[in-house]
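Peer 1: Take a look at the following structure, please.
The values are calculated or read from the model by the stated rules, or taken from the named source; none is laboratory data. The shown structure was predicted, so the numbers you read here are calculated from the model rather than taken from an experiment. Methodologically, a virtual Cβ is constructed for each residue, glycine included, from the backbone with ideal geometry; neighbour enumeration extends over all protein chains shown. Quick note on the areas: whole protein, heavy atoms, side chains included, nothing else; ligands and nucleic acids left out. Shrake-Rupley method; radii C 1.70, N 1.55, O 1.52, S 1.80 Å.
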Amino acid sequence: MDEYVIVVETGYKMASAAHRVTFTEPMGRREATGVFLDLIEGRREDLLPSRTDSYILEVSPTEFLQVHQAMGGSVVLDRVTLTRRH
């Protein structure tokens, strides 16, 4: 059985090294897809903090970005990727 992992990269800002990368434990495709869809809908604060006035941009069926304009005009980017573990 294939195993899938969701990689969550949060807090990317220009000229800042304050980002964080986390990932889930390996899981089956169905469970991983469910968690991924929950993340898109903002139902998994434990993995991806919601940001007010943010946009969710679907890059592909297995990747999306959350983009937020912070105070002072800086843009904060979060990326979530569903990927198969090899």
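Peer 1: Within the chain, what is the longest stretch that has no GluC sites (Glu not before Pro) placed in a DSSP loop and near at most 13 other beta-carbon atoms within 10 Å?
Peer 2: Details: sites that count: 41, 45.
In short, 46-86.
Peer 1: Now for a different question. How many Å² of accessible area per residue for the chain, probe 1.4 Å? Before the final figure, lay out the partial values.
Peer 2: Working: 5800 Å² over 86 residues.
That works out to 67 Å² per residue.
Peer 1: Could you work out what % of the accessible surface of the chain is carbon and sulfur, using a 1.4 angstrom probe and leaving DNA, RNA and ligands out of the count?
Peer 2: Reported share for carbon and sulfur atoms: 53 percent.
Peer 1: May I ask for the angle, rounded to the nearest 10°, between helix 29-40 and the longest principal axis of the chain, with both axes built from Cα atoms and the value confined to 0 to 90°?
Peer 2: 20 degrees
Peer 1: For semi-axes √(5λ) of the Cα gyration tensor in Å, the choices are (i) 25, 13, 10; (ii) 28, 11, 8; (iii) 29, 11, 9; which was calculated from the structure?
Peer 2: (i)
Peer 1: Quick check: from the Cα gyration tensor, does the stretch 39-86 come out rounded (a/c under 1.5), prolate or oblate?
Peer 2: Since a/c reaches 1.5 and a/b is larger than b/c, the shape of the stretch 39-86 is classed as prolate.
Peer 1: Can you compute the modelled spin-label distance between residue 20 and residue 83, with each label point 7 Å from Cα toward Cβ, in nm?
Peer 2: It is 2.0 nm.
Peer 1: For residue 21, what accessible surface area do you get with a 1.4 Å probe? Give it in Å², rounded to 10.
Peer 2: Spelled out: residue 21, probe radius 1.4 Å, area about 80 Å².
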